[in-house]
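Beneath this line is the structure, given in structure tokens, with notes to follow.
The values are calculated or read from the model by the stated rules, or taken from the named source; none is laboratory data. If you're wondering where the values come from, they're calculated on a predicted model, not measured in any experiment. Note: ideal-geometry Cβ built from the backbone for every residue, glycine included; neighbour counts use all protein chains shown.
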Amino acid sequence: DAKTTQPPSMDCAEGRAANLPCNHSTISGNEYVYWYRQIHSQGPQYIIHGLKNNETNEMASLIITEDRKSSTLILPHATLRDTAVYYCIVRANQAGTALIFGKGTTLSVSS
Amino acid sequence: EAQVTQNPRYLITVTGKKLTVTCSQNMNHEYMSWYRQDPGLGLRQIYYSMNVEVTDKGDVPEGYKVSRKEKRNFPLILESPSPNQTSLYFCASSLFPGTYEQYFGPGTRLTVT
């Protein structure tokens, strides 16, 4: 499975966009990019996923570069409740295999 | 409301006393799994189930048992808990095996003394 690299921490002002980068230079053609977040000791929460095209839902946008070697999760208007650890996960949709959570990026949103 | 529930949320027990952590989902999901989360080690999969009566080991299955007699329930059993099983446990489910849009429960914090 492709390895991902994320910055350990980022800060963001409330109301501003939070752009969280992820490098996955060894990603294979059938691997998806998934983003989850975990708010202090709560269960991880699915945010968004994509294969090639940019994706948007009610929580966030996912921008994947054309070569698919990196991606950016965008929270358009960060709030204090978005303070969490954000995990970028690259994985093919294969039955029986686990999500592999790395260290993620700790996003701190302040007022 | 679609959700994964776990009980108990907190448990302190002693070495060797059998315990069960329950997990239930109301989304008719086929796939369910258990993870443990430890500082510095991240989330690691213990067991998973691709459907009723189908279970398999994850990365750290030693000391744990599971069963899947009904689609909605996937209990985690510790027959003889030890202090190294002190951890934060999460149950998760997804519609089908192989999809990674998983829904996680709120967690069970277990302390074994």
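Below, the figures for the structure above:
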item: Qualifying positions in segment B:85-109 - more than 12 Å from chain A (Cβ to nearest Cβ) and under 20 Å from A:A98 (Cβ atoms); result: B:Q85
item: Matching option when the condition is modelled with pLDDT under 95 and outside any strand (DSSP E or B), among B:P97, B:P81, B:P61, B:P106; result: B:P97
item: Count of segment B:15-58 residues which are small (G, A, S) and buried (at least 18 other Cβ atoms within 10 Å of the Cβ); result: 4
item: Which listed residue is touching a Phe, Trp or Tyr at 6+ places or on another chain (Cβ under 9 Å), of a type in the set (F, W, Y) and free of Cβ contacts under 8 Å to residues at least 40 places away in the same chain, from A:Y46, A:Y34; result: A:Y46
item: Test: residue in segment A:73-89 that is free of Cβ contacts under 8 Å to residues at least 60 places away in the same chain, more than 27 Å from B:G105 (Cβ to Cβ) and outside any loop (DSSP other than H, G, I, E, B); result: yes
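Okay, residues lined up against (1) within 14 Å of chain B (Cβ to nearest Cβ); (2) over 18 Å from B:A92 (Cα atoms); (3) without any contact (Cβ under 8 Å) to a residue 12 or more places away in the chain:
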position	(1), (2), (3)
A:C12	no, yes, no
A:A18	no, yes, no
A:P21	no, yes, no
A:Q38	yes, no, no
A:E55	yes, yes, yes
